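Peer 1: The following block contains the structure, expressed as structure tokens.
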Amino acid sequence: MSHPGPPAGPEPERGDSATRDTAVDIREQVTAGGLRRAPAQDEANAVGVRRFWSARRVPSAITAAVVVGLSGLFLYDVSSVRADRKAMSWRKSLARQLATRHLDDTWVILGASVCAVLGLWLLVLAVTPGERGVLPMARRGPSGVRAGLDRHAAELVLRDRAMEVSGIRWARVAVGRRHIRVRATSHFRELTDVRRDLTDALDQAVRQLGLAKPPRLRVSVQRADKNA
């Protein structure tokens, strides 16, 4: 006589399982030990991406506030003069100084230099993208999601990967747009072997980050100080 088995529990919903799988995949891709390389087909379908552009809110707000303030002040003074009132003393002094000072005067040259520097700074801000702390990631196809990776997060991931290499005692990683500079110390093993293993591990980790333009590695390994 067969005994019925324990009653089966409620079948888990497919949505919860998919959510957990997605969360696991995200954690695997973010942590240093779980980075996975993208399939070759996705790498072949990657399209070129551009850097993220900064909104430049602070320079824009400062420039707008200064221009609006000066324009309002001049407009108020001109309106007062048109209403048969006396002009402000500062505007009379400014007009007199501009009329009497020559172009080779020190204050005129200094003021023109300051205005030229400020104008050049605004032009540089207008034509450069900014957002140097965000590294653009590769897009998979024309309709792919445009994403970026924080530079500090990339440094932490690569540093954790470097510390996994046998023989590494201390490591520091600096991620730039064109180069990744890695400094490490080793307390055992030959430096040549450690440098080779470290370069291979970091080269694989950089590819797994999925960046649009992976920076070049510059690895420096030295012998750790025994007294440290």
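The values are calculated or read from the model by the stated rules, or taken from the named source; none is laboratory data. Not measured: the values here are computed from a predicted model. Counting neighbours? That spans all protein chains shown, and the Cβs are built from the backbone with ideal geometry, glycine included. Side chains are part of the model used for accessible areas, which takes the heavy atoms of the whole protein and leaves out ligands, DNA and RNA. Shrake-Rupley method; radii C 1.70, N 1.55, O 1.52, S 1.80 Å.
Peer 1: Roughly what would the spin-label model give for residue 216 and residue 160, points 7 Å off Cα along C-beta, in nm?
Peer 2: 2.9
Peer 1: Let me ask something else about it. Ignoring ligands, DNA and RNA, what percent of the 1.4 Å accessible area of the stretch 172-228 is carbon and sulfur? Working shown, then result.
Peer 2: Numbers: 1530 of 3580 Å².
Carbon and sulfur atoms account for 43 percent of the accessible area of the stretch 172-228.
Peer 1: Could you tell me which of rounded, prolate or oblate describes the stretch 78-138, using a ≥ b ≥ c as the square roots of the eigenvalues of the alpha-carbon gyration tensor, with rounded for a/c under 1.5 and, failing that, prolate when a/b is larger than b/c and oblate otherwise?
Peer 2: On the way: a/c = 5.82, a/b = 2.12, b/c = 2.75.
Oblate shape, in that a/c is at least 1.5 and b/c is the bigger or equal ratio.
Peer 1: Check residue 170: other-chain or 5+ apart residues with amide H under 5 Å from its amide H, H built from backbone geometry?
Peer 2: 185
Peer 1: Still on this model: How large is the accessible surface per residue of the stretch 163-215, computed with a 1.4 Å probe and reported in Å² as a whole number?
Peer 2: Per residue, the stretch 163-215 has an accessible area of 54 Å².
Peer 1: Step through the residues of the stretch 134-140 one at a time and calculate ³J(HN,Hα) from phi using the Karplus curve (6.51 cos²θ - 1.76 cosθ + 1.60, θ = phi - 60°), rounding each to whole Hz and writing x for Gly and Pro.
Peer 2: Listing the rounded values in order: 10, 9, x, 9, 5, 9, 9 Hz.
Peer 1: Taking loop as defined by DSSP and a crowding limit of 10 other beta carbons within 10 Å, which GluC sites (Glu not before Pro) in the stretch 152-191 fit?
Peer 2: Values: sites: 155, 164, 190; in loops: 164, 190.
Those that pass, being in a loop and sparsely packed, are 190.
Peer 1: Kindly write out, for the stretch 176-188 in residue order, the coupling ³J(HN,Hα) from the Karplus curve 6.51 cos²θ - 1.76 cosθ + 1.60 (θ = phi - 60°), rounded to whole Hz, with x marking Gly and Pro.
Peer 2: With coefficients 6.51, -1.76 and 1.60, one gets x, 6, 10, 9, 10, 9, 10, 10, 9, 10, 10, 10, 7 Hz.
Peer 1: Which percent, nearest 5, of DSSP beta bridges in the stretch 123-224 are antiparallel?
Peer 2: Working: 11 of 19 bridges.
DSSP beta bridges in the stretch 123-224 are roughly 60 percent antiparallel.
Peer 1: Moving on. Skipping prolines and chain starts, which residues have an amide H placed within reach, meaning under 5 Å, of the one on residue 224, given they are 5 or more residues away or on another chain?
Peer 2: 186, 187
Peer 1: Taking amide H atoms as placed 1.01 Å from N in the peptide plane, list the residues 5 or more away in sequence, or in a different chain, whose amide H sits under 5 Å from that of residue 148.
Peer 2: HN-HN under 5 Å from residue 148: 137.
Peer 1: Output ³J(HN,Hα) for the stretch 119-131: one whole-Hz value per residue in order, computed from phi by the Karplus curve 6.51 cos²θ - 1.76 cosθ + 1.60 with θ = phi - 60°, and x for Gly and Pro.
Peer 2: For the stretch 119-131, the Karplus-derived couplings read x, 5, 4, 5, 5, 4, 5, 6, 9, 9, x, x, 6 Hz, x marking Gly and Pro.
Peer 1: How many nm is it between the label spots at residue 76 and residue 53, if each spot is 7 Å from the Cα in line with the beta carbon?
Peer 2: 3.6
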